[in-house]
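The structure appears below as structure tokens.
The values are calculated or read from the model by the stated rules, or taken from the named source; none is laboratory data. Computed from a predicted model, the values in this text were never measured in an experiment. Reconstructed Cβ throughout: ideal geometry from the backbone, glycine too, with neighbour counts over all protein chains shown. Accessible surface is based on the protein model in full, side chains and every heavy atom, while ligands, DNA and RNA are left aside. Shrake-Rupley method; radii C 1.70, N 1.55, O 1.52, S 1.80 Å.
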Amino acid sequence: MDRKNFTSVILLAGGSGTRMGLNAPKQFQHLCGKALALYSFELFSHLEEVSEIVVVCDPSYRTLFASPHKSVQFALPGKRRQDSVYHGLLAASPEAMLICIHDSARPFLEKEAVQALLKKAFDQGAAALAAPAINTIKQADASQRVKQTLPREELWEMQTPQAIRKDLLLKAYAHAQANDIEATDDLSLVEAMGAPTVLVKSSSRNFKITTPFDWAIAEALCAASN
Ligand code: C5P
């Protein structure tokens, strides 16, 4: 892998998973006999376009993540998702040109989607997988009074991976820290500097497991593909 294409994946597995109502984090629960976080870890581990994987997780889970194909590094989780990404960014190789951030709670990621995303991010600087909105989305105030109905044909649900050139992501973090910007996705930090970002159309199959309902769907999908 030459330096021009060196891609570091930051695999986020540092959340507490409290919305699932479990004692252990959801990303380490077993789905069809395998820890959730290992689905995407193994996909990245087999992808030629990936140079290294930085896993952000509690140190007690590190032994789960071993790859015969890739260099695997570790970083400690932060308080917010954004802090965990930053810790991963600091642990990435100095060789890295592109940083590809993925939520380990999305087990149904597909190889072709990652390849299309990485190509777009190399060309454009910052790109993410996203699915066209299928529901009508309204903006409302704290008392649920509707402020406006947003035009559905322009709305996209953000997914991961999100891939950003390392130099741009470092600048975006410096800007966010200086201006107290909080974001739940990575492209938002780049957008906050006024820099362009683009979307790569993805399938809703790449959903994030957040609730027990999502887990039931994941089990059904997993059982159907075995
Ligand atoms: O909380 P949410 O589901 O949005 O988290 C998305 C991903 O980020 C999950 O894979 C979770 O493990 C990770 N995360 C993290 N550090 C945090 C919060 C979330 O690595 N502080």
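Distance from the alpha carbon centroid of the range 100-125 to that of the range 181-226 works out to 11 angstrom.
For residue 44, neighbours were defined as the other residues whose beta-carbon sits under 13 Å from its Cβ, and their charges (Lys and Arg +1, Asp and Glu -1) total -3.
Full extension of the chain between residue 221 and residue 80 gives 47.8 nm of extra length, using 0.36 nm per residue less the Cα-Cα distance. The label point for residue 5 and the one for residue 116, both projected 7 Å from the Cα toward the Cβ, are 2.0 nm apart. For the chain, give the share of DSSP beta bridges that are antiparallel, in percent and rounded to the nearest 5; count only bridges with both residues there. Among the beta bridges of the chain, antiparallel pairing accounts for roughly 40 percent.
Carbon and sulfur atoms: what percent of the 1.4 Å accessible area of the chain do they account for? C and S fraction of accessible area: 51 percent. Modelling each spin label as a point 7 Å along the Cα-to-Cβ direction, I'd like the residue 22/residue 148 distance in nm, to one decimal. Between residue 22 and residue 148, the label points sit 3.9 nm apart.
Structural descriptor for the range 3-225: relative contact order 22 percent, calculated from alpha carbon pairs under 8 angstrom and at least 6 residues apart. Close lysine pairs were tallied over the chain: pairs 8 or more places apart or on different chains with Cα atoms under 14 Å apart number 9.
Net charge near residue 116, counting Lys/Arg +1 and Asp/Glu -1 over other residues with Cβ under 12 Å of its Cβ? Residues close to residue 116 contribute a combined charge of 0.
Before I look further, what does the range 3-225 give for accessible area per residue, probe 1.4 Å, in whole square angstrom? Don't skip to the answer; put the middle values down first.
Values: 11360 Å² over 223 residues.
That works out to 51 Å² per residue.
Compare 36, 170, 22 in a GNM of the chain, Cα atoms joined below 10 Å, and give the one with the largest fluctuation. Largest GNM mean-square fluctuation: 22.
Please give the length that would be gained between residue 90 and residue 191 if that part of the chain were fully extended, namely 0.36 nm times their separation in residues minus their C-alpha to C-alpha distance (nm, one decimal). Each step should come with its number before you reach the end.
Working: separation 101, 0.36 × 101 = 36.36 nm, distance 2.10 nm.
My answer for the length gained is 34.3 nm.
Listed as lacking a disulfide-compatible partner in the chain: 57, 100, by the criterion of no other cysteine Cβ under 4.7 Å.
Between the residues 125, 174, 150, the greatest Cα displacement towards the positive end of the dipole of the chain, with unit charges on the Cβ of Lys, Arg, Asp and Glu, is found for 150.
Highest mobility in the GNM of the chain, judged by mean-square fluctuation with C-alpha springs under 10 Å and restricted to 67, 204, 143, is found for 143. Applying 0.36 nm per residue to the separation of residue 180 and residue 213 and subtracting their alpha-carbon distance, the gain on full extension is 8.5 nm.
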